[in-house]
Amino acid sequence: MARTWEVPETFLFGPDKAQKEVALDLYSSVEGLGIVAPHGHVNPGLLADPQARFLHPHDLLVKHDHYLFRLLYSRGVPLEALGVGQEDYDARAAWQTFCTHFHLFDGTPSGLWLRLELTRLFGVTEKPCAANAGAIYEQIDALLNTPDFTPRALYRRFGLEVLATTDPATADLSQHARAQADGFNVVPTFRPDAALHFARPDWRTNLQALEQCGGRSIERYATLLDVLRERRAQFKAHGARASDHDAAQVNLAPLSGGEAEKLFDLALGGQLTPEQAYRLEGHALFDQARLSAEEDGLVMQLHLGSVRNHNPLLFRRYGPDMGSDIPQRVNWTAGLRDLLAAFGNHPNFRAILFTLDESTYTRELAPLAGHYPALRLGPPWWFFDSVLGIERYLDAVTETATLHNTAGFNDDTRAFASIPARHEVWRRTVANWLARQVLRDILDLEEARHLARLTARELALQAYRFDSPVVAPVLAAST
Amino acid sequence: MARTWEVPETFLFGPDKAQKEVALDLYSSVEGLGIVAPHGHVNPGLLADPQARFLHPHDLLVKHDHYLFRLLYSRGVPLEALGVGQEDYDARAAWQTFCTHFHLFDGTPSGLWLRLELTRLFGVTEKPCAANAGAIYEQIDALLNTPDFTPRALYRRFGLEVLATTDPATADLSQHARAQADGFNVVPTFRPDAALHFARPDWRTNLQALEQCGGRSIERYATLLDVLRERRAQFKAHGARASDHDAAQVNLAPLSGGEAEKLFDLALGGQLTPEQAYRLEGHALFDQARLSAEEDGLVMQLHLGSVRNHNPLLFRRYGPDMGSDIPQRVNWTAGLRDLLAAFGNHPNFRAILFTLDESTYTRELAPLAGHYPALRLGPPWWFFDSVLGIERYLDAVTETATLHNTAGFNDDTRAFASIPARHEVWRRTVANWLARQVLRDILDLEEARHLARLTARELALQAYRFDSPVVAPVLAAST
Amino acid sequence: MARTWEVPETFLFGPDKAQKEVALDLYSSVEGLGIVAPHGHVNPGLLADPQARFLHPHDLLVKHDHYLFRLLYSRGVPLEALGVGQEDYDARAAWQTFCTHFHLFDGTPSGLWLRLELTRLFGVTEKPCAANAGAIYEQIDALLNTPDFTPRALYRRFGLEVLATTDPATADLSQHARAQADGFNVVPTFRPDAALHFARPDWRTNLQALEQCGGRSIERYATLLDVLRERRAQFKAHGARASDHDAAQVNLAPLSGGEAEKLFDLALGGQLTPEQAYRLEGHALFDQARLSAEEDGLVMQLHLGSVRNHNPLLFRRYGPDMGSDIPQRVNWTAGLRDLLAAFGNHPNFRAILFTLDESTYTRELAPLAGHYPALRLGPPWWFFDSVLGIERYLDAVTETATLHNTAGFNDDTRAFASIPARHEVWRRTVANWLARQVLRDILDLEEARHLARLTARELALQAYRFDSPVVAPVLAAST
């Protein structure tokens, strides 16, 4: 028989008893605040359409979550057994497989999020295992068919103040418009990666999509830049406050105009070397920063340092986002030098830096953010959005950069229903970390309460320039 | 007068009092388990010969332990004063020198191991110092001449279930056979470094030894590979479950067959550049992985990232293993890419990764092991086999890779008598770390107990494919 | 109304209650020890002249402290508003601006130092804020005009045993002589960077200053080396025990004599490439080490790894030391290899290593210092001279290198009045760290007390070869 499963009041606090008490005090003061979600990967269609529904428990909770299935894959579970990459599969059997291996997530952030999500949202009272998998499936499935569990109902229940999605440069944005028209503060984020990753095999295809969207052919780099400028304006008109950029290395260095055009020519001809592609991408990212500083003020998010699709077998079979993106060493100090020389002191420019190389926290990122007015540090990203990851981040960056130079929290999730759980783990872990500082007389209680409030909500609003609402906010909570 | 020296029941636990209690509960549940030692450097001759004896306390405990004498050397103690590298020396005087400086090891892993070893095994009740050095020497020396302190008696007393040694490709393995014939589960590990480090000055000599052992001349790389294939089979027939490989960098990238032969030709002619040697080694390691995946299933241990013999003065005077091997930065994400593309999803292949670059724990190793089914993370290695080193490791890898993707513990020691102490420090430190997770409600007590058992013994058995015994196990403990 | 502001007896201890008690015991045993300040940037003129006075609170505490104004700059405060780089400004208005933003320093090392300094030294009882800024200014300003607050009075009150300044090779050293003549143990440190940074635009100007100081023209590298040798001797005659060196990378590799002269020729002609400058600097640093080992025994401090003046706008406007020096990744294992092969075992040579790349603590620095007799690890430097920075350092280096291979503490400050605060944070943090080891039975209380004394004072004296006083010590404390 499975054990009782619950979330105690002092969840994640301690280990010291006095620390638990102070942490609970701090957490209580922020527990009820609205949720600001300025960066994530939720499908905007969920909130555009009042009729949108979640398909079933396995689709909602497992099938699309590469945090979960990459770990199961590492332990020998075939992806097919989880329905991953399959149209037609037995969802209940896949859920059974998932629950049978649920203990593998003990102590992982996914395990903590699921514990919060299953108990709080769906009222599950037993830890999933082989024996209770079926019953839990039915319990959740039944709830998903009730009006309280539609995406829009959950948006309200979660107390979301704003939800930013991440969208290709070619996105039509009508879903965001529809959601906003009904009072949901769902805004797009401009992510032009597909057009700027010149070395990708599908780059030409992506460029064609952009040509279609931009209404003209793109035969020069300058034209590409113009089309992207127009798209940024469209995004901004739909409430976007930020752009988002992915690259395997930190490199934002401008080329001469002539060289950029020459490399773009080679790219069109499919003759770009990897080194040339790397330099052209650096130039293109620099130009996106220039647009931000000199024209539209979109906050530039830099999610850098991940080698995408490290496992070619899985990439060939299933495509991207299969949990085989692997971080590598990066160099922010050198890679941002040209960018910061140009725009680091510019009042209109803001970049938020996200790293997967924790050795750069104290060596590069905190000193950079503790000096340049244009920089903010993004919260611990991806593998580091975890209790210990958050603690390492706070330990590493606050003494040099201070929390004021961070962007607060963002959940970065494509799993809509996990949003409150992720913010709760962040808020609890921060509260416990602050409690430790209080017990050591590094902060007093009032200072800690102020920082708890900032990190829970306000810093995210400020960093992403959401100080004034994009659309009138919907009523939060208690629906 | 020296103080009383003892090991309290809650040794290494805390600092929180509640944490000590939970840690003691967890540790108690694994304290009595047998010891699995799947990687180390014990001399197999100790267990092959029933008449084998330890020479004397200084030879057993100090002279061959570069963890000890490198630190003393750093503090100005000449190696000669410790008998290092000397045939003829005054062992009691050397021991006196060691004990005079014993306080230097306060707070070091060596200090903790010696405290456990001297108190538990030899009944020493005072911390060594100049005043009591002679008496302690005589006390230990007397015990070493009793039947309870022969290597075979200690093997039984320690509760060893299996002990893997590390052996050159040319080892004749008869000692392992003799030990096994008498019921001692002592197995070899295949370490072909001498034949694959093409840039070493003694490579030609090493190759000749392999030619002798393999019964034919080796004039092509393909022949070298054939001879190694045969030797691997011999090792496997003697119970080996693993190979072991050392290199200063992470590089396992195949060359074309033609290029490998060309470089091998240059190596035979002594004309290989360092860069060519590096590439040929990478090719040769890749081929060892191929043999594992496609032929014999020997688990591939990769101990990578140490610059050997950094101090040329000591190397000229005393040879290798003088405590002057210094780690350097490595790149697992790039260096394993070809290997994992080829065999990372192969059901027969397994690699265990050991690093001296802790910055790779969260950035590279945990994401790799949390995705590829073929990978396991080796325990904290060498300088990091310490209380704080273990804690950093657990903090860094478990949230992303989970303990299930680790290889449990191995002691990696050449000091036979220190084996139980090293496993005890591991088990205690893990118990205390798990207790912390329990107090924060990240794990419940049952989950923590399960993980304590796994890490203490089972994960090592599984990772090294010792699930079925190599020879019938000898009776453990209580001798 | 501002809150009461105080420093409790157990400041920085805990969070565990038992840990606080042991930490207080340990700290009490070192609290009263004299202060050894073997590396810093205090202006020797403050102590040379009995009439020297501090200008006013803002000049003393804010204007010259780039730890403070770089953070304020990052939060949008213009440097002009703080009087930085300005001759003529309203000090009270600048102080008002500073106090208005004082809360930004909550939890930072600067905030902790200021709390200690303002409460202990100046009797401030409220945390600075906009409302009380003026009153605090007047309170401190009044004290600065009393005889108890002259630099010389504070030197005695602080219990300084020795204070080393950092001085260019061209310094005339008469200020040190005057201070010493009056019984103040103020010694210079030889820092020849200006003459050895061959790629700096002002290198030729710096070389001319050295020619003037050395009394001859410098047209060959060999002459440069001779002049520096003579200057080292002058420094030593004035009590110097150390040299100090800054470079953006770790590189101490000798060239052939012919190549060095050739590169020096190019430098004179302004034709050195950055790569050539890098190599010539490495050669010149190697030669400074040779002078230390073979001639004068000055301890070589290596402060390596900072990219100076990362922000060109601020450099153009205000010059260096504006808080925009940003660390980068370094490689000690490779960069020191030639140096250590030559002098790592030399009884006369000593190098103290300072890093801004914490990933090198466990990977490179602790293994190097735990082996080479010539090496000591400098205390956590700059951004890492903080509670958590000190804890990371202790955790990372002590198990492998031991505290005995460290150089104890140095405050590295240009803020004379902050010296006691910085040493107190170090001593308290070490005491708390040792207390944790005591509670886990890793150290006993006697061992911990011994290490507390070593780290508080003795290791610094030993590392910098201050075992015998340079001049007769002045009477410390209680003026």
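No lab work stands behind these numbers, since they all come straight from the coordinates. Just so it is clear, the model here is predicted, and its values are computed rather than measured. We place every Cβ from the backbone using ideal geometry, glycine too, and count neighbours over all the protein chains shown.
Below 8 Å between Cα atoms, with a sequence gap of 6+, how large is the relative contact order for region B:54-148 in percent?
Dividing the mean separation by the residue count of region B:54-148 yields 30 percent.
How many nm separate the modelled label positions at residue A:462 and residue B:120, each set 7 Å beyond the Cα in the direction of the Cβ?
5.3
Counting other Cβ atoms within 10 Å, keep those with at most 15, restrict to DSSP loop, and tell me which trypsin sites (Lys or Arg not before Pro) in region C:208-285 are left.
C:216, C:220
Provide the gained length on full extension for the span residue B:216 to residue B:294, in nm with one decimal, where the gain is 0.36 nm per separating residue minus the Cα-Cα distance.
25.6 nm is the gain from fully extending residue B:216 to residue B:294.
Given points 7 Å out from each Cα along the Cα-Cβ axis, report the residue C:18 to residue A:266 separation in nanometres with one decimal.
Distance between the two pseudo-spin positions: 6.6 nm.
Treating cross-link reach as a plain straight distance, find the lysines whose alpha-carbon is under 25 Å from the alpha-carbon of residue A:63, omitting any fewer than eight places away in the same chain.
Reachable lysines: A:127.
For every helix of n ≥ 4 consecutive DSSP H residues, a contribution of -39,500 (n - 2.57) applies; sum these over chain A, divide by its total residues, and give [θ] at 222 nm rounded to the nearest 500 deg cm²/dmol.
-12500 deg cm²/dmol
Take the Cα pairs of region B:349-476, get the Kirkwood Rh, then feed it into Stokes-Einstein at 20 °C and 1.002 mPa s and tell me D in µm²/s.
Taking Rh from Cα pairs, D becomes 141 µm²/s.
For region C:349-479, give the magnitude of the charge dipole about the Cα centre (Cβ charges: +1 Lys/Arg, -1 Asp/Glu; no others), in debye to the nearest 20.
Dipole magnitude for region C:349-479 comes out near 280 debye.
Can you give the mean number of other chain Cβ atoms that lie within 10 Å of the Cβ atoms in peptide B:309-315?
Mean shielding count: 5.
When you have a sec, figure out the Kirkwood radius of the protein assembly as shown from all distinct Cα pair distances and drop it here in Å to one decimal?
33.9
Which value in nm describes the separation of the simple spin-label points at residue B:174 and residue B:234, placed 7 Å from the Cα toward the beta carbon?
It is 1.2 nm.
In terms of modelled amide H atoms, which long-range or inter-chain residues lie less than 5 Å from the amide H of residue C:187?
C:163, C:164, C:165
Whose Cβ in chain B comes nearest the axis that rotates B onto C, and by how many Å?
That would be B:359, 2.
Within 10 Å of each Cβ in peptide B:295-307, how many partner chain Cβ atoms are there on average? Round it to a whole number, please.
Per residue, the number of nearby Cβ atoms from other chains is 1 on average.
For chain B, find the longest principal axis of its Cα atoms and tell me its angle to the long axis of helix B:274-291, 0 to 90°, nearest 10.
80
Take peptide A:6-16, look around each residue's Cβ out to 10 angstrom, count Cβ atoms belonging to other protein chains, and average those counts.
Rounded to a whole number, the mean comes out at 5.
Can you list residues from other chains, or at least 5 along the same chain, whose modelled amide H is less than 5 Å from the amide H of residue B:300?
B:243, B:350, B:351, B:352
Mind checking the angle between helix A:133-144 and chain A's longest principal axis? C-alpha axes, 0 to 90 degrees, to the nearest 10.
Approximately 70 degrees, to the nearest ten.
List, in order, the whole-Hz ³J(HN,Hα) value for each residue of region A:365-381 obtained from phi through the Karplus relation with A = 6.51, B = -1.76, C = 1.60 and θ = phi - 60°; use x for Gly and Pro.
Coupling constants for region A:365-381: 5, 5, x, 5, 6, x, 10, 7, x, 7, 9, 10, 8, x, x, x, 10 Hz.
Can you give the angle from 0 to 90° between the axis of helix A:203-214 and the longest principal axis of chain A, with both taken from C-alpha atoms, to the nearest 10?
Roughly 90 degrees, rounded to the nearest 10.
Using DSSP to call loops (not H, G, I, E or B), can you name the GluC sites (Glu not before Pro) in region B:1-39 whose Cβ has at most 15 other Cβ atoms within 10 angstrom?
Of the GluC sites (Glu not before Pro), the ones in loops of region B:1-39 whose Cβ has at most 15 other Cβ atoms within 10 Å are B:6, B:9, B:31.
Over all alpha-carbon pairs in region A:53-148, figure out the percentage whose distance exceeds 16 Å.
The calculated P(r) of region A:53-148 puts 52 percent of pairs beyond 16 Å.
For region B:1-49 and region A:157-230, what is the centre-to-centre distance using only Cα atoms, to the nearest Å?
Answer, in whole Å: 58.
5 Å is the cut-off here: which amide hydrogens, built 1.01 Å from N in the peptide plane, fall below it relative to residue A:307, excluding neighbours closer than 5 in sequence?
So residue A:307 has HN proximity to A:326, A:328.
Plugging the Kirkwood radius over Cα pairs into Stokes-Einstein for chain B, at a temperature of 10 °C and a viscosity of 1.306 mPa s, what D comes out in µm²/s?
68
If you put a point 7 Å past Cα along the Cβ direction, how far is that point for residue A:25 from the same point in each other copy, in nm, smallest first?
Result, one decimal in nm: 2.8, 2.8.
Quick check on region B:158-463: of the DSSP beta bridges with both residues there, what percent are antiparallel, nearest 5%?
10
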